[in-house]
Each structure stands twice: as structure tokens, then as C-alpha cells.
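Accompanying notes for the structure given below.
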Amino acid sequence: MAMGKELYASEGTMLKHLLSMYEREELLDYVKELKIRRTFGIKKDKLAEKIANELLTPSVMRRRIAVLSPECRALLERAIREPFIPDVEEIEDALRLNESDYAFLNEKEQLDVPADVKIAYEKLNTPEFQEYARKMSWLSQCLDFGEEFYGVFNKDILRELFNTRSGFYISEEELEKMCNDFPRDLTDCEMEEGESAISDYLIYGSQYKELLDAQAEKDFYIPSAQEIQDYAQNLYLSKEPAYKNFMEFLQNEIGMTYEEAYAEILDIPDKIQDGVDISVVVQYYTDTYRELLDDAKLEKIVKLLQELNNNTRMRIHRGHTPNEMMRM
């Protein structure tokens, strides 16, 4: 389970040692997710050992590693061969792998793998597993796209997303089996019994019902496989011209670094998705960067933000942009 923090441990660490660094409450969350029984009153170190044994069980390890991206699995296999310090472009995947608890950052800030995980993975990593992981990691990316751009969607739509990618056709029966296999704590979707997948944040207070009312039976936007992969890799649709243009403006006209501009570009679609009026976003930028913006740049940033708003894929439109809705 992604605990959401970095753990620094010594080389030669076993998985139980890594887990023992967590708070007891965090370990109990693991117990609940993995449905581990007979843990009442057990000491923390023994609890960590019990969880480690479960995570190393072939059936559990198979499911939890299979949903990682191919990039994460490549880093895992590289770290198994020899610990290494991730490059800048590898950091995000290394942190995701670290959060899986099948890898960690050692005292030298190298990506490392517990000794018992190395042994278990080498046994697990068969051609059959590689094919299974190829499909499960793609399913994970499709779920992430649906969670972000639909909020609520059924398995027919999920199957359409899955089948957009060449060589990844899946039947209804196989999709059902894979959804049943998918670790619930490794997706932001609540897989409801029956047909629906619902974004976690919409579950509370039945917000998903309000979203369904707003969507008003609109058709779902079905992306290309490239769009699904783009979102999985960048957490926004980086190939959309409106986003590329705004990124360039932030770097070239305001002087932000790539990392600073990237943080801004991730925040804007969230605001738009949450219903923040674009005029509020415009006001934020014009107030914050007033000294760096002459009249021409002010006019340009307003235009760029309006274009960005009109070309953002929205949950209330089931993935369509406002511009697409107007044309339809």
C-alpha cells in the first residue's frame, strides 16, 4: 500500500524491516487491505513480519507488482541487479515504486530492493507473469483516465478504453477477472459491485449522483491510446496545444523553471474540474505576476487561459472539452 513517504534503510534490508519503520496505525491499514486475520494485540515487529509474509505470497505479489507501470517494473529489475541513484527523469517512477514497498531508498539515496523481494520476484518473473503485467498495468492506466475525466463510468466504457490500444483486446469475461484481481488500494476508483467504477472522492456524500445529474446522459469521450498513456506519464494531457502554449508562456515570459511551470499546469485543470471560474484563475495570475506582465503579456495570458479552459477535458462533459460540446 502506498504509505506516501520515503523510507531510508540500510543495504541488505528485508521487507519486514522496511515495514517495521511505519507507524502501527499505518500497518493496520495494510492489515485491513490485505484481509490479514488474527492480528489483535500482536506486537508491531510481529505485525510487520506478518504483513511482509503476505506481500511476498506469490498470488499477492503477482497482483500488486503487475499494476505498476512498465517503467516502474524496469526500475525494479534494474535495482534488483544493482542499487542505483535514479536520474531526474526517473524520480517519479522511483518514488511510485518506493511507495509500493517492494523497493526503497537506501542510506546512499539509491533505489534498492529488499533481499527477500529479490528472491521472490525472480521466481515470479516468468513469461506468463510478464504478459499478465502488460495487461494489468494498461488496465491501471485506463482506470486512472476514467477516474480523472469521467468520475463515474461502467465496465463497458472501461473495456472501450482498454481496447483502444493495438494488441490489447480484452473480452468482457477477462476484464471482469482482471478487475476482481486489481488491488483496491492501488487505484483511486471504488469498484462497485456490479458494473460501475466511481472516483473515490465522489463516494462520500453521494457526490457521484450530483455529477451524474450534471452529465445528463452525455456521450463518453473515448480517447486514443496515446492520450491515455500521455495522462499516465504526465498527469495532464501534455500534447494538447493549449497546455503546451501555456507551459511555454510560463517559462519564456514569466521565467519559471520547467518544474515550476509543471506544478502550475497540474493545478489549473484541477481548479477547472472543481468548477473554479476561469476569471478567478486569470485574476490569480494577473495579481501574482503583475510586475512581470506588461499590457501585451497581460492580454496574452488572458487569451491563453481562456483557450486552456475551453480545451480542458471535464468530468461534467464525460471527458469532452467545452469547445467540443459547443460543436456538438
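Computed from the coordinates by the stated procedures, all read-outs in this text should not be read as laboratory data. Please read these numbers as outputs of a predicted model, since none were measured by experiment. Cβ sites come from the backbone with ideal geometry, for glycine too, and all protein chains shown count toward neighbours.
From Cα pairs below 8 angstrom and at least 6 apart in sequence, can you work out the relative contact order of region 177-278, rounded to a whole percent?
Numbers: 42 pairs, mean separation 10.9, N = 102.
In percent, rounded to a whole number, it is 11.
Which Cα, out of Val60, Tyr22, Thr39, lies furthest along the positive dipole direction of region 18-100 (beta carbon charges, K/R +1, D/E -1)?
Thr39
With Kirkwood's inverse mean 1/r over C-alpha pairs for Rh, give me the Rg to Rh ratio of region 44-92, two decimals please. Show your work: numbers first, answer last.
Numbers: Rg = 13.6 Å, Rh = 12.6 Å.
Rounded to two decimals, Rg over Rh is 1.08.
Which lysines have a Cα lying under 17 Å from the Cα of Lys43, excluding residues fewer than 8 positions away in the same chain?
Lys16, Lys32
Quick one: Cα convex hull volume of region 144-184, Å³ per residue? Please list the in-between numbers first.
Numbers: hull volume 3.2 nm³, N = 41.
Hull volume over Cα atoms, normalised by residue count, gives 79 Å³.
Would you work out which of Phe104, Ala120, Ala94 lies farthest towards the positive end of the dipole of region 80-131, given +1 charges on the beta-carbon of Lys and Arg and -1 on that of Asp and Glu, about the Cα centre?
Checking the options against the dipole of region 80-131, the answer is Ala120.
Where does the charge balance sit around Gln215 when Lys and Arg score +1, Asp and Glu -1, over other residues with C-beta under 15 Å from its C-beta? It would help to have the intermediate numbers written out before the result.
Details: positive: Lys209, Lys218, Arg313, Arg315, Arg318; negative: Glu147, Glu148, Glu210, Asp213, Glu217, Asp219, Glu324.
So the environment of Gln215 carries a net charge of -2.
Contour minus end-to-end for Ile119 and Met326, with contour as 0.36 nm per residue of separation and end-to-end as the Cα-Cα distance? Intermediate results must be reported in sequence, preceding the final value.
Details: separation 207, 0.36 × 207 = 74.52 nm, distance 5.63 nm.
Fully extending the segment from Ile119 to Met326 adds 68.9 nm.
I need the semi-axes of the equivalent ellipsoid of region 7-71: take the C-alpha gyration tensor, multiply each eigenvalue by 5, square-root it, list largest first in whole angstrom.
Taking √(5λ) for each Cα gyration eigenvalue gives 20, 16, 10 Å.
Past 32 Å, Cα to Cα, is the threshold; run Lys44/Lys123; Lys44/Lys155; Lys118/Lys244; Lys218/Lys271 against it and keep the listed order. Kindly include the intermediate steps, with their values, before the conclusion.
Numbers: Lys44/Lys123 29 Å; Lys44/Lys155 40 Å; Lys118/Lys244 41 Å; Lys218/Lys271 22 Å.
Beyond 32 Å: Lys44/Lys155; Lys118/Lys244.
Tell me the relative contact order for region 79-225 as a rounded percent, counting alpha carbon contacts under 8 Å between residues six or more apart. Could you put the intermediate results ahead of the total?
Details: 122 pairs, mean separation 27.8, N = 147.
Relative contact order for region 79-225 comes out at 19 percent.
Ile42 versus Glu92, label points 7 Å from Cα toward the beta carbon: distance in nm?
Label-label distance for Ile42 and Glu92, simple model: 3.6 nm.
Based only on the alpha carbon positions, what is the Kirkwood hydrodynamic radius of region 112-165, in angstrom?
Values: mean 1/r = 0.0763 Å⁻¹.
After inverting the mean inverse Cα-Cα distance, the result is 13.1 Å.
Charges at C-beta only: +1 for Lys and Arg, -1 for Asp and Glu. How large is the resulting dipole of region 101-252 about its Cα centre, in Debye rounded to 20? Please report the intermediate quantities before stating the final value.
Details: 14 positive and 33 negative charges, 104 e Å.
Dipole size: approximately 500 debye.
Considering the alpha-carbon set of the chain alone, what are its Rg and its Dmax in angstrom?
In Å, with Rg to one decimal and Dmax whole: 22.0, 68.
Compute the length gained on full extension between Asn245 and Asp181: take 0.36 nm times their separation in residues and subtract their Cα-Cα distance, giving the result in nm to one decimal. All intermediate terms of the calculation are to be shown ahead of the outcome.
Values: separation 64, 0.36 × 64 = 23.04 nm, distance 4.06 nm.
Taking Asn245 through Asp181 to full extension adds about 19.0 nm, to one decimal.
State the volume of the convex hull built on the alpha-carbon positions of region 180-328, expressed per residue in Å³ and rounded to an integer. Let's see the in-between values first.
On the way: hull volume 21.7 nm³, N = 149.
That works out to 146 Å³ per residue.
Taking the mean number of other Cβ atoms within 10 Å as a proxy for protection, how do you rank 271-278, 52-59, 242-249 from highest to lowest? Could the numbers behind the result be given before it?
Details: 271-278: 14.1, 52-59: 15.9, 242-249: 17.5.
Sorting 271-278, 52-59, 242-249 by mean packing, highest first, produces 242-249, 52-59, 271-278.
So if I place +1 on the C-beta of Lys and Arg and -1 on the C-beta of Asp and Glu, and nothing else carries charge, what would the dipole magnitude of the chain be about its Cα centre? I want it in debye, nearest 20. Numbers along the way, then the final one.
On the way: 41 positive and 67 negative charges, 235 e Å.
Taking the Cα centre of the chain as origin, the dipole is about 1120 debye.
What number, in percent, do you get for the relative contact order of the chain if the mean sequence gap of Cα pairs under 8 Å and at least 6 apart is divided by its residue count? All intermediate terms of the calculation are to be shown ahead of the outcome.
Working: 375 pairs, mean separation 52.8, N = 328.
Relative CO of the chain lands at 16 percent.
Could you work out how far apart the two model spin labels at Arg290 and Tyr258 are, taking each label as a point 7 Å from the Cα in the direction of the beta carbon, and quote it in nm?
If labels sit at Arg290 and Tyr258, their model points lie 3.3 nm apart.
Add -39500 (n - 2.57) for each DSSP H run of 4 or more in the chain, then divide by its residues: what number comes out at 222 nm, to the nearest 500 deg cm²/dmol?
On the way: 18 runs with 193 residues, N = 328.
Calculated mean residue ellipticity at 222 nm is -17500 deg cm²/dmol.
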